[in-house]
Structures are given as C-alpha cells and as structure tokens.
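*Asks:* Mind having a look at this structure? Questions to follow.
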Amino acid sequence: KIDSKHTHQVESLSSILGQSKRRSHKRQPTRRKKQPGGRIHVDHTGPMEVVSTGGNTFGTLMSDEYSGVKYYTAQKALSSDELVDALEEYDKVVLRGHNPYGHTLRAHCYRFDRGTDMTSKTLQEYCDAPHRRIRLEYSASYTKEQHGTAEAGNDAIERPASAMLIDA
C-alpha cells in the first residue's frame, strides 16, 4: 500500500519511466532526391490574357526538387519542339552553369503531368539520346499533390503577374 503523501511522486515517476521507453520517430523522406538535377518538375502555364512583348502567351516552369531552383521560360505555343528548346535552355543555363567541387551537373529525371506535348515522341527522343539518358516520370492525371512543386511555382508566378496587369 502506497502512502497518500507519496502518490504524486510515484505517478510522476511512472510517467517518466513510461515515456523513457518510447523512441523518437525520425521522419526521413526517402523518395526525395539527394542531389541537384535528381528530379526536375516541369509544368506549363497559360494561355495568358495579355501577350508579352515577345509575343509569348505560354510559359514553362522547371523546378529542381532537391535545391528548389526554379527557372521559367516564355513560349509562343505549347508544342513538343518548344518544350525541348526550353529543356535545352534549362540544361545550358542552370545545370551547366553550376560546377560545384569540379562536378558538372546534369538532369537525371524529368517529371511531367500528362499533357500531349509532354508525352510526344520528340521529347522521348531528346531524353533517350545516348549522351543524356534522362528518365521520364509522369504524375497521375489530375493530381496536384504529385506535381505540387511545379504547380505551386506556377501559381507564385501567375498571380502577381496578373495582379500587376490588372493594376496597370
């Protein structure tokens, strides 16, 4: 039998001992890439209400999953040739521009939604070239959760731009 004046000590001791048996759960996202260029999310935006000075009404956003670097290119149309040009520009400007520790970066994987220009043979041939060998991934249709990095980036670009046009 426990004395009433010691019950508080016993309750606190038991709770401490009970909690000490639990191990902390460290969450490590294993699906995320661990190097720049490991997975690049690509998404289109447009058509814009107002045509740019270059005559562009569409745009493509490329977002690196590891580093969070975003690169936006303006386009006149949504075609596979324009998409390949945008990917080449990204490769030349963003990836080849960085040379950490003497290593040249390259794209290992592109993730697209299932647009018709993103599933074309031209894009497949570009990625399957022997000197590139880039893996293509496609997110499930109508799921922003799987393609959220690029979608959120497009929203971050589109909303302020349209707000500035409305104010002008």
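*Asks:* What does the extension gain come out to for Glu89 and Thr116, with contour length at 0.36 nm per residue minus their alpha carbon separation?
*Replies:* Separation in residues times 0.36 nm, less the Cα-Cα distance, equals 7.6 nm.
*Asks:* How much FRET efficiency would the formula 1/(1 + (r/R0)^6) give for Arg106 and Asp81, where r is the Cβ-Cβ distance and R0 is 25 Å, rounded to 0.05?
*Replies:* FRET efficiency, Arg106 to Asp81: 0.70.
Throughout, read-outs are computed from the coordinates displayed, never taken from laboratory work. Source: prediction; values computed, not measured. With ideal geometry, Cβ positions are generated from the backbone for all residues, glycine too; neighbour counts draw on all protein chains shown.
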